[in-house]
Amino acid sequence: MNRLILLAAVMLTAAPALADVQVRFIESAPKDRFEITNLAACPLRKTDVTIDLSGSAAGLIFDVTGSGPGVEVFQPFDLVSGADALSKLPDVVDGDTAVTLKISELGPNQRLAFTIDVDDTAGRREITVSGSEISGAVISVADGLTTNSATFDATRTALVTTTRCTS
């Protein structure tokens, strides 16, 4: 009987886990990399993750062709892991400041990653993006009911706390 009371007490006081989405930017040559990881105990389903560089300290843009506003080397969007998680590939136009990834399902601790070239337009070293240059870029996670956001910090990481897991 004591076990049942203890189990009931634990179930009543246990808080549902928060669904956290971590996005990391990894500067590299010739391709930069974004990694999106579901740190939650439940899957992300029918969720849009938007990376918006427009608020970045260095005026960052996606440089996907040789004829646009980027400098020197360009790299198109290339999904390198997690293809099963997306319902479709995004269209990224040269000079865009935002990209939205439409996630059909990304399980707990699963990651999707893509490479692309990111350049700054603030006149610094345009082909290399430091942590402070991406600071201020926003990550938004929208599940159809709510949208939660976070900004990149100087470590090139953003952690979005979303709604509570229901599973």
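The values are calculated or read from the model by the stated rules, or taken from the named source; none is laboratory data. For clarity, every value in this text was computed on a predicted model and none was experimentally measured. Every residue, glycine among them, receives a Cβ derived from its backbone with ideal geometry; neighbour counts consider all protein chains shown. Ligands, DNA and RNA are stripped out before the accessible areas are found, and what is left, the full protein with its side chains, is counted by its heavy atoms. Shrake-Rupley method; radii C 1.70, N 1.55, O 1.52, S 1.80 Å.
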### Complete set of residues in region 34-44 that are outside any loop (DSSP other than H, G, I, E, B) and surrounded by fewer than 18 Cβ atoms within 10 Å (Cβ to Cβ)
E35
### Task
From the list V64, V99, V73, pick out the single residue that is touching a strand residue (DSSP E or B) at 6+ places or on another chain (Cβ under 8 Å), touching a residue at least 12 places away in the same chain (Cβ under 8 Å) and in a loop (DSSP other than H, G, I, E, B).
V64
#### Entry: Candidates I51, I26, filtered to the one that is under 16 Å from L159 (Cα atoms), of a type in the set (V, I, T) and either at pLDDT below 95 or open to solvent by 10 Å² or more (accessible area, probe 1.4 Å) (or both)
I26
### Message
Suppose we filter L53, L101, L60 for residues that are among the hydrophobic types (A, V, I, L, M, F, W, C) and over 15 Å from the mean Cα position of the chain (by Cα); which single one remains?
### Response
L60
### Message
Just the residues that are open to solvent by less than 10 Å² (accessible area, probe 1.4 Å) and either at pLDDT 95 or above or in a loop (DSSP other than H, G, I, E, B) (or both), please, taken from region 118-130.
### Response
D120, V129
